[in-house]
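Have a look at the structure below, then the notes.
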Amino acid sequence: MILAKKHLTKEEERRSRRSKKAAGKNAQSEENFVKILRKRGFTAYRTGKAKGLPDILAYKNKIIQFFEIKPSQPSAKKGALLKKDQAEWIKKFCIKKGVKATLVYYKGSRPFKYHEIKLTSKIIDKFVQGNNSDIKERTKKFSYK
């Protein structure tokens, strides 16, 4: 049986192209950050698409750390915040067990500029989608390294 291909409107096609470009940029920023971690002496790997699991697992001196990579700043858009399942995973498996978890924002592209924020039980809720209606007031302005 042959299924008919769905025709997309011009707006749907544009949205699809932008989505693919953004996904590629995000994947490239993760891979670039893994290289930076390796230069710092970490053994680092991207974790894939597992639900809730942060983007990067890093290991150094018998210590495991997790890094979640996000675009832009929280004040820019809600996609720059943790999803609720990501925040729950980090709280349950990192913060409660004493494992370091870091939220990393990137800016630009090739070269990427990164800003790291260590997640603690006190501040993690400021970086979760849906916890506050006004995203701009959640965080202070950050500087990139």
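Does Arg38 meet the test of being at pLDDT 75 or above, under 30 Å from Lys60 (Cβ atoms) and not hydroxyl-bearing (Ser, Thr, Tyr)? Against the criterion (at pLDDT 75 or above, under 30 Å from Lys60 (Cβ atoms) and not hydroxyl-bearing (Ser, Thr, Tyr)), Arg38 qualifies. The set of residues in the range 22-63 being open to solvent by less than 40 Å² (accessible area, probe 1.4 Å) and either aromatic (Phe, Trp, Tyr) or touching a Lys or Arg at 6+ places or on another chain (Cβ under 7 Å) (or both) consists of Glu30, Phe33, Val34, Phe42, Ala44, Asp55, Ile56. Of the residues making up the range 84-94, those that are open to solvent by less than 50 Å² (accessible area, probe 1.4 Å), among the hydrophobic types (A, V, I, L, M, F, W, C) and within 12 Å of Phe66 (Cα to Cα) number 2. Taking first residues from the range 77-96 that are in a loop (DSSP other than H, G, I, E, B) and partners that are aliphatic (A, V, I, L, M), the Cβ contacts under 8 Å between residues at least 6 apart in sequence or on separate chains come to Lys77/Ile135; Leu81/Val128; Leu81/Ile135; Lys83/Val128.
Of all residues in the range 97-115, those being open to solvent by less than 50 Å² (accessible area, probe 1.4 Å) and either part of a helix (DSSP H, G or I) or of a type outside the set (S, T, N, Q) (or both) number 10. Taking (1) open to solvent by less than 50 Å² (accessible area, probe 1.4 Å); (2) in a helix (DSSP H, G or I) in turn, Asp125 satisfies each apart from (1).
Residues that are closer than 16 Å to Lys126 by Cβ, open to solvent by 60 Å² or more (accessible area, probe 1.4 Å), touching a strand residue (DSSP E or B) at 6+ places or on another chain (Cβ under 7 Å) and at pLDDT below 95 are absent from the range 69-79.
The values are calculated or read from the model by the stated rules, or taken from the named source; none is laboratory data. Small disclaimer: the values here were computed from a predicted structure and weren't measured. Here Cβ is always computed from backbone atoms with ideal geometry, including for glycine, and neighbour counts include all displayed protein chains. These accessible areas exclude ligands, DNA and RNA; they are computed on the full protein's heavy atoms, side chains included. Shrake-Rupley method; radii C 1.70, N 1.55, O 1.52, S 1.80 Å.
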